[in-house]
Every structure is written in structure tokens, then in C-alpha cells.
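Nothing in this text is a laboratory measurement; each read-out follows from the coordinates by a stated rule. All values derive from a computational prediction rather than experimental measurement. Every residue, glycine among them, receives a Cβ derived from its backbone with ideal geometry; neighbour counts consider all protein chains shown.
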Amino acid sequence: MDFSQRLTLPYDASRWQPAPAAGVWRYPLEREQAESGHVTSLVRFEPHARFPEHQHPQGEEFWVLEGTFSDERGDYPAGSYVRHPPQSRHGSFSDEGCVIFVKLNQFAGGDSELLHLRPEQGLWITGEHGYRRLPLHKHAGVSTSLLDFPAGGRFPSCCYKHGLEILVLEGHLNEGALRYPALSWLRFPPGTVPGLEADGRTRLWVRTGHLQPAIGSE
């Protein structure tokens, strides 16, 4: 939880932990408190697992990595991005099983947008540097997007002024001799300019602008 420090966690399957609900597993990344506060994690639902109805005091967002995640509002296949605003409630389940990337209680002040973005609804932007970008959400200087490197390439050396967070969705991301496979998570403090290289076909979930000043204080 010290956002002034860089933190890189290559994926390690032994880090999965059982959640309070049967058939649901967690892979902790950031956790302010055991069952509340600022949380970032991977969550895995076994087939037909359910999580009881619960509230998100400061919002919930998730990206569906595998399978189909469901709640009272609908089904979200792999590649879906969902934001539930502060004070929202839902129960969740997965008939076929799924893996999602979840961030809880991290909405900035004034951000109350309900967003359900499914794979076919995104508009990719092709830049000049060999990668594509899919904007997902932007509020108060915080940007969330996907970056797709069809044939590898250098990660753009911009937009790090207020921090950088990356989840490797596909492929590999290299930093010198360090190699981060799919499901690796990286967080760099404000002002850091890491030398990152996508190794072959690579897709990343990326957030910038959210680590300084404190979330919601801009």
C-alpha cells in the first residue's frame, strides 16, 4: 500500500487463496484491510460458484480475463470491462467459471458512472508506434485503457507523471533481464520511466495518473 514504491509481481500460481464463498479464489495484489478498503486482486470462480450480494462503498471495477462473469444485470464474457459506482450492490456468480481482475473502493470523488463495456463495443485507436489502444475510462486525469502490441515493441515513455499500473493480459513484458508473463502485475510510482518492452504479441491493461496526489484529491 506504499504507492511511493515500485512493485512488480510476476504471476505465481501458488498465491491463490480461498475466499469466504465456496468455489471462489483470490490472488491478492493490493489490500488495505482484510475485507474492506482499497483492494486490487485477481478473482477466480469455479463453475457454478456464487458470491452473496454485497455493497461497494467506493465503487467496483473489473475486467473479465477468462470465461463469463454474471450478476443480476447480465453476463459479461471475457474482454468485458465493468464499473459499478459507489454504494452499488450486486451478487455475482459464474456458470462456466471465470477469472476477473478486480479493483475495489478506488473511485475518485465525483465519479459515479455506471459502465458495462463488452468486447464488441470498444473502438481501437491505431497509433504511429506499432501498437493499438482501446480507451476504457477517463476521469479527473486518471486514464484506463488496453494496449495491444501485435508484434511486440517499446512501451510508450510518456504519461508517467502521476504513476503507472499494468496487468499483463497476454504475452510477455520485459524490463531488461526481468520477464513478466501473463497475469503479472506492475505498479510504478510518479516520475518513474521504466524501460518496458513487449515481447511478441502482447496485450496490457494500463492505468495512468492515479498514484499522486491521493486518489480523489484532484
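One table, with the values for the structure above:
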read-out: Euclidean distance of C-alpha centroids, segment 28-81 and segment 138-166, integer Å; value: 23
read-out: Sparse-neighbourhood loop sites, chymotrypsin sites (Phe, Trp or Tyr not before Pro) in segment 9-43 - DSSP loop, at most 15 other Cβ within 10 angstrom; value: Y11, W16
read-out: Coil-residue GluC sites (Glu not before Pro) of segment 1-45, DSSP, other Cβ within 10 Å capped at 14; value: E32, E35
read-out: Percent of Cα-Cα distances greater than 20 Å, calculated over segment 66-144; value: 42
read-out: Formal net charge of residues neighbouring F62 (Cβ-Cβ distance under 12 Å; K, R +1; D, E -1); value: -1
read-out: Gain upon complete extension [S14, K161; 0.36 nm per residue less C-alpha separation]; value: 49.5 nm
